[in-house]
Structures are given as C-alpha cells and as structure tokens.
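Just below is one structure, and these are the notes that go with it.
Derivation of every value follows stated rules applied to the coordinates shown; laboratory data play no part. Just so you know, these numbers come straight off a predicted model, no measurement behind them. Glycine gets a Cβ as well: all are built from the backbone with ideal geometry, and neighbour counts include every protein chain shown.
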Amino acid sequence: MQPLTGGAAGVLLGADAAWGLVMAAADLAGALAAAARPASFSVGDGGTLTPVRPGDPAALLDWDPARGWILQLAPEHPQRAFVDLYLPICSARPITVGHLGQSLDGFIATPSGDSQFVTGPENIVHLHRMRALSDAVIVGAGTVAADDPLLTTRQVSGPNPLRVVFDPGHRLDERYKIFSDAETPTLYACGDRHLSEGESRFGAADILPLACVGDTSPVAELLDALHARGCRRVFVEGGGVTVSAFLQAGLLDRLHMAVAPLIVGSGKPAIRLEPKDVLSDCQRPAYRVFRMGGDVRENPPYPPSIVRLRAATPQDPRVPLPIASGLRGRARGGGRSTHG
Ligand SMILES: NC(=O)c1ccc[n+]([C@@H]2O[C@H](COP(=O)([O-])OP(=O)(O)OC[C@H]3O[C@@H](n4cnc5c(N)ncnc54)[C@H](OP(=O)(O)O)[C@@H]3O)[C@@H](O)[C@H]2O)c1
C-alpha cells in the first residue's frame with residue numbers, strides 16, 4: 001500500500017506502517033518500562049522504530065515512564081485514529097480488554113446462536129489485530145459451541161496469542177477445532193470439581209483447573225492464573241456472558257463495543273449486569289467513537305462504529321479520569337486492580 005502524506009506534521013505513514021508501528025510499540029513497552037527512562041523514536045519503513053534524541057523533530061513516538069506511549073502525530077493525520085485505538089493496548093502494565101460486536105438493539109447473536117456476522121469485515125480484522133497485540137485471548141464455552149473458532153491472527157501480521165476457553169461448568173467436549181489445532185497453545189479453564197484426579201489434558205489443550213469457591217469470581221481466578229503465566233495483555237473476545245462476568249467483577253480496563261446497523265429483535269444479549277435501582281448507580285464510562293467500515297457512507301442513519309469505553313490510565317494523558325472508578329472500581333465483590 002502506498003504511504004499517505006500526513007496532516008500538519010507532513011509525516012509519511014501508510015496503513016501498513018501504522019500497524020507495524022503499533023506492533024513495534026507493543027514489543028518495546030516491557031523493556032522501556034524496565035529501563036525506567038524517557039525515550040523517543042522516529043518511524044521508518046514498515047513502522048520500524050528507531051531511537052532518536054528526546055526533542056528530535058523526527059520523533060513520532062515518545063515513551064514516558066509514568067505515562068507510557070505518547071504519539072506525536074497531527075490530529076488530522078489519516079492514521080491518527082488507527083494508532084490511537086491500538087497504542088493504549090501496547091502497555092507494559094497488565095491490561096484486560098473486552099470486545100463485543102452487537103446489533104443496534106444490543107444482541108450479539110440470534111436465539112439459535114447465529115452470529116456470523118453481526119459486524120462487518122473491518123471489525124473482524126480488528127479482532128485479529130487485538131489477538132495479535134494480546135498475550136492471551138479468552139472466549140466462553142457458548143462461543144466455542146456456537147462458532148467453533150480458531151482464534152488465530154490469520155488476517156493480519158502478528159503472533160498468535162495463547163487461546164483460553166472459559167468453561168467453569170465443563171460443558172464442552174473435545175470435538176471443537178480449538179482442542180485439536182496445533183497452531184498455538186490452548187488452555188481449557190474449567191471447574192476443578194468436574195475433573196478427575198491428575199487430569200491435565202483436554203484434547204491437545206492444557207487444563208487450567210479453577211477452584212470456583214468462595215467470594216472470588218472465577219474470572220478473577222482465571223485472570224490471576226494468566227498473569228502468573230506472564231500473560232499481561234488479555235483480550236476477552238466474547239460472548240456476552242463471559243465479557244459481562246469480567247465487567248461485573250471490575251476486571252476490564254477497556255471495553256470495545258462494535259455497534260452494527262442491524263436489528264436482531266431478541267437473541268443472545270451483549271452486556272448483562274446485576275440490576276441497579278437507580279441510574280446514578282450505573283456505570284457511565286468515558287468513551288471514544290471510532291468509525292470502522294466502508295459502509296458508513298451508505299448507511300448514514302445507522303453508522304457502524306466502534307465505541308471504546310475506557311478507564312483512563314496513565315497511558316493516555318489526554319483523557320481525564322471519569323471512569324477510573326467505572327469499569328474497574330465499582331464492581332461489587334471481586335473488584336480490584338491488576339495494576340498494582
Ligand atoms: N457478536 C459477538 O461479538 C460475539 C462474540 C462471541 C460470541 N458470539 C456469539 O454469542 C454466543 C455465545 O455467547 P454467550 O454469551 O451465550 O456465551 P459465552 O460467554 O461464550 O459462554 C458462556 C455461556 O455459554 C454457556 N454454554 C456452555 N457450554 C455450552 C454449550 N455446549 N452450548 C451452549 N451454551 C453453552 C454457558 O452456560 P453454563 O454457565 O450453564 O455452563 C454460559 O452461559 C454464540 O452464539 C456466539 O456465536 C458473538
């Protein structure tokens with residue numbers, strides 16, 4: 001793809017290079033955090049990052065030990081929104097991001113479980129990008145039963161994450177592709193009371209036994225186990241029950257909601273949380289809207305978009321902290337920060 005001329009800064013950065021920049025930033029974040037020093041980078045062909053002196057006019061990306069990545073790309077640059085969407089995920093701290101593609105009326109599938117496809121092809125590519133940036137991708141048992149997904153990054157350049165199937169009730173059997181495919185490892189997270197003594201494999205997958213006892217939410221137990229294995233960036237790709245469990249437990253740092261110009265009427269719901277009596281007790285997170293897909297122009301009344309609900313983090317200084325106590329702080333029971 002031809003590079004595009006940038007906005008006010010006149011920076012040459014095409015779509016492929018912008019993705020290369022994001023992947024390079026994700027790779028570098030851990031080492032930069034360990035070094036605990038500011039750093040600046042110019043961007044070369046394919047998005048490669050080259051260190052430059054802080055303040056160098058060629059610097060396009062700065063690293064601040066307290067704030068993380070800071071993008072020096074003009075607001076009107078054609079790739080600015082793209083990089084803005086992914087750069088906060090390139091964090092050195094643990095980060096958990098949920099995603100759902102829902103209809104205008106809040107469903108992710110029909111009652112029979114048909115969900116292919118709620119959102120357009122651009123959102124599917126977005127899912128693959130999120131997988132590539134993540135150490136682990138989690139789906140619920142209902143998603144495996146309905147979609148038989150592979151959860152690989154085949155539509156973009158980038159590594160496959162660890163695949164995690166969350167099935168506390170051990171309802172699935174081994175027939176699904178994810179339990180035999182060898183392209184990347186799979187963890188099968190299920191309640192230990194459903195396992196026999198010493199059982200450690202489920203097809204080609206490793207079993208992660210979850211105690212599922214006491215006040216600790218099973219999703220909190222799962223997230224702790226993934227952090228203990230070195231998985232810092234975790235992507236919760238669905239379905240609604242599983243993403244809702246993470247949200248209810250206060251464990252999502254960000255939530256990507258892709259809203260499609262579709263009315264399902266009734267079916268599998270997106271987010272479902274414990275009811276509140278009054279709106280003032282409901283979460284009202286800060287958000288940003290990213291257009292996603294070429295059909296925006298053709299359907300002006302219902303533009304598909306991706307709405308990124310976000311807890312402000314030191315990674316992004318431009319946004320105040322309205323829901324630092326929203327997505328993460330307010331949940332009853334399991335709410336706690338993984339940033340400690
Ligand atoms: N549009 C999107 O973004 C998107 C993303 C992912 C999935 N989906 C669609 O959403 C649906 C799944 O989402 P979800 O919220 O229902 O579930 P989920 O979060 O994927 O998984 C958890 C739920 O699945 C149930 N489940 C477990 N084993 C099952 C089986 N063998 N057959 C059927 N259900 C089983 C579990 O029931 P128990 O608790 O009783 O064990 C639990 O309620 C599917 O239709 C999938 O195609 C859409």
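Data for the structure
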| item | result |
| --- | --- |
| Relative compactness, the stretch 96-195, computed as alpha-carbon Rg over 2.2 N^0.38 Å | 1.10 |
| Cβ-based exposure ranking for Glu237, Glu197, in which fewest neighbours within 10 Å come first | Glu197, Glu237 |
| Residue order, fewest to most beta carbons within 10 Å, for Tyr176, Tyr287 | Tyr287, Tyr176 |
| Taking all pairs of distinct alpha-carbon atoms in the stretch 1-146, Kirkwood radius in angstrom | 17.0 |
| Rh (Kirkwood; distinct C-alpha pairs) - the stretch 6-87, Å | 12.6 |
| Sequence of Glu76, Glu221, Glu122 once ranked by neighbouring C-beta atoms within 10 Å, starting from the fewest | Glu76, Glu122, Glu221 |
| Within-14-Å neighbourhood charge of Leu21 [Cβ basis; K, R +1; D, E -1] | -3 |
